[in-house]
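Student: Quick one: the structure is below, questions incoming.
The values are calculated or read from the model by the stated rules, or taken from the named source; none is laboratory data. Note that the coordinates shown come from a computational prediction; the quantities given were computed from them, not determined experimentally. So basically every Cβ, Gly included, is an ideal-geometry build from the backbone, and we count neighbours across all protein chains shown. Surface areas here come from the heavy atoms of the whole protein model, side chains and all, with no ligands, DNA or RNA. Shrake-Rupley method; radii C 1.70, N 1.55, O 1.52, S 1.80 Å.
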Amino acid sequence: MLLAIDIENRTTNFGLFESDKMLANFTLASSKDRSASELYLVIKYLLLDKKIDMDKIDDVIISSVVPELDKTYATIGENIIGKSPTFISAGLKIGINIKCDNPKDVGSDRIIRAVGARDRFKDDLIIISASTITTIDYINSKKEFVGGLIMPGINLFQESLFKESAKLPQVEIIKSEKILGKTTTSAMQNGIYFAYKSAIISIIDRIIDQHKLDIKNTKIIISGEYNSLIQNEKYKLETISNLGLYGLNKIYKLNMKK
């Protein structure tokens with residue numbers, strides 16, 4: 001079995017794979033305060049709860065955008081499999097061509113989502129990760145990662161309003177049907193929701209326009225904790241959970257399969 005670990009800014013996602021099948025998955029906070037030994041035990045007990053014996057894990061592959069956690073998870077991986085785990089880095093086969101000015105600058109989180117999506121679809125792809133840090137990337141039908149955008153997540157819209165005002169309250173992030181709010185709270189909620197959603201739809205518009213994409217042959221894929229807030233009538237968005245984990249499994253197969 002393969003243990004795939006996707007370390008993001010706020011959460012770390014785990015997936016257990018046997019060939020192409022995900023047997024189990026779970027998520028932990030990306031805490032920098034926990035030791036490797038503590039996290040190792042937490043992971044072990046979570047796996048046991050899912051009736052998976054850690055001794056049956058043959059390999060570990062890791063994507064990380066939190067450098068402070070790299071050493072911790074390298075130790076955990078080594079404790080699990082008795083050797084150094086594989087980190088996503090330059091030199092690995094990924095099955096797509098990074099057409100950016102400096103391919104090494106592209107975050108491994110964006111790469112693994114692109115690989116996971118490309119493994120499923122042959123069309124032009126627009127991939128949205130609606131998380132704390134929101135990314136929007138375009139991968140063409142030639143398997144080229146053309147580029148993308150990085151912007152604040154909707155929760156950061158919410159936090160900035162609260163932190164930068166002495167009077168405005170902290171509000172819950174919710175969907176809204178009406179554009180205008182009738183109270184301060186609803187005005188804030190509508191502003192947060194529609195600003196974020198409209199920004200993403202506008203970016204999709206521009207990618208399609210500037211790259212002359214045929215929407216019939218373009219898949220727009222969304223993942224991340226805020227994905228439900230972006231659904232709209234203009235574009236059909238395909239939600240894929242754990243997209244990065246599937247990408248990690250694909251990269252492992254490209255590089256390590258015997």
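Student: Report every pair of residues separated by at least 6 positions or lying on different chains whose Cβ atoms are under 8 Å apart, first residue within the range 228-250 and within 21 Å of T12 (Cβ to Cβ) and touching a residue at least 24 places away in the same chain (Cβ under 8 Å), second open to solvent by 60 Å² or more (accessible area, probe 1.4 Å) and acidic (D, E).
Tutor: Y246/D119; G247/D119; N249/D20; K250/D119
Student: For the list (1) more than 29 Å from M22 (Cβ to Cβ); (2) surrounded by 15 or more Cβ atoms within 10 Å (Cβ to Cβ), I need the number of the one condition that R110 fails.
Tutor: Answer for R110: the failing condition is (1).
Student: Exactly one condition in (1) part of a loop (DSSP other than H, G, I, E, B); (2) more than 30 Å from A4 (Cβ to Cβ); (3) not basic (K, R) is not met by S131; state its number.
Tutor: For S131, the failing item is (2).
Student: What is the one condition in (1) closer than 21 Å to N255 by Cβ; (2) hydroxyl-bearing (S, T, Y); (3) free of Cβ contacts under 8 Å to residues at least 12 places away in the same chain that S31 does not satisfy?
Tutor: (1)
Student: Continuing with the same structure: With the structure loaded, tell me whether L180 is assigned to a loop (DSSP other than H, G, I, E, B) and touching a residue at least 60 places away in the same chain (Cβ under 8 Å) or whether it fails that test.
Tutor: Numbers: assigned to a loop (DSSP other than H, G, I, E, B): yes; touching a residue at least 60 places away in the same chain (Cβ under 8 Å): no.
For L180, the condition - assigned to a loop (DSSP other than H, G, I, E, B) and touching a residue at least 60 places away in the same chain (Cβ under 8 Å) - is not met.
Student: Select from the range 202-258 the residues that are part of a loop (DSSP other than H, G, I, E, B), under 30 Å from N190 (Cβ atoms) and charged (D, E, K, R) and list them in ascending order.
Tutor: As a first pass, look at the range 202-258 and keep what is part of a loop (DSSP other than H, G, I, E, B): 211-214, 224-226, 231-236, 240-242, 257-258.
When the remaining residues are screened for being under 30 Å from N190 (Cβ atoms), the result is 224-226, 231-236, 240-241.
Answer for the range 202-258, where residues must be part of a loop (DSSP other than H, G, I, E, B), under 30 Å from N190 (Cβ atoms) and charged (D, E, K, R): E225, E233, K234, K236.
Student: With the checklist (1) farther than 28 Å from S141 by Cβ; (2) open to solvent by 50 Å² or more (accessible area, probe 1.4 Å); (3) assigned to a helix (DSSP H, G or I) in hand, flag the one item K167 doesn't pass.
Tutor: (3)
Student: For the range 15-41: of the residues being open to solvent by 40 Å² or more (accessible area, probe 1.4 Å) and among the hydrophobic types (A, V, I, L, M, F, W, C), which is nearest to I81 (Cα to Cα)?
Tutor: Start the filter on the range 15-41 by keeping residues that are open to solvent by 40 Å² or more (accessible area, probe 1.4 Å), which leaves 18-21, 23, 25, 27, 29, 32-35, 37-38, 40-41.
Applying the additional criterion that residues be among the hydrophobic types (A, V, I, L, M, F, W, C) yields 23, 29, 41.
Numbers: L23: 18, A29: 23, L41: 14 Å.
Out of the qualifying residues, it is L41.
Student: Hey, another quick one. Of all residues in the range 153-205, count the ones that are more than 27 Å from N9 (Cβ to Cβ) and of a type outside the set (G, A, S).
Tutor: 10
Student: Yes or no: D209 modelled with pLDDT of 95 or more, over 30 Å from K93 (Cα atoms) and surrounded by fewer than 19 Cβ atoms within 10 Å (Cβ to Cβ)?
Tutor: yes
Student: Suppose we filter T218, T184 for residues that are surrounded by fewer than 19 Cβ atoms within 10 Å (Cβ to Cβ) and among the β-branched types (V, I, T); which single one remains?
Tutor: Every option except T184 fails the conditions.
Student: Let me ask something else. Determine the pairs where a residue that is without any contact (Cβ under 8 Å) to a residue 24 or more places away in the chain, located within the range 191-204, has a partner that is not in a helix (DSSP H, G or I) with Cβ atoms under 9 Å apart, the partner being 6 or more residues away or on another chain.
Tutor: So the pair list comes out as F194/S176; F194/I179.
Student: Would you call I96 under 18 Å from L2 (Cβ atoms), β-branched (V, I, T) and either open to solvent by less than 60 Å² (accessible area, probe 1.4 Å) or at pLDDT 95 or above (or both)?
Tutor: Spelling it out, it is not the case that I96 is under 18 Å from L2 (Cβ atoms), β-branched (V, I, T) and either open to solvent by less than 60 Å² (accessible area, probe 1.4 Å) or at pLDDT 95 or above (or both).
Student: While we're here: Quick check on my filter: what residues within the range 228-253 are open to solvent by 20 Å² or more (accessible area, probe 1.4 Å) and either charged (D, E, K, R) or closer than 17 Å to F121 by Cβ (or both)?
Tutor: Passing the criteria: E233, K234, Y235, K236, E238, T239, S241, N242, Y246, K250, K253.
Student: Are any residues in the range 147-161 part of a strand (DSSP E or B), open to solvent by 50 Å² or more (accessible area, probe 1.4 Å) and hydrophobic (A, V, I, L, M, F, W, C), and if so, which ones?
Tutor: Matches in the range 147-161: L149, I150.
Student: Scan the range 34-79 for residues that are more than 20 Å from Y252 (Cα to Cα) and among the β-branched types (V, I, T) and jot them down.
Tutor: The answer is V42, I43, I52, V66, T72.
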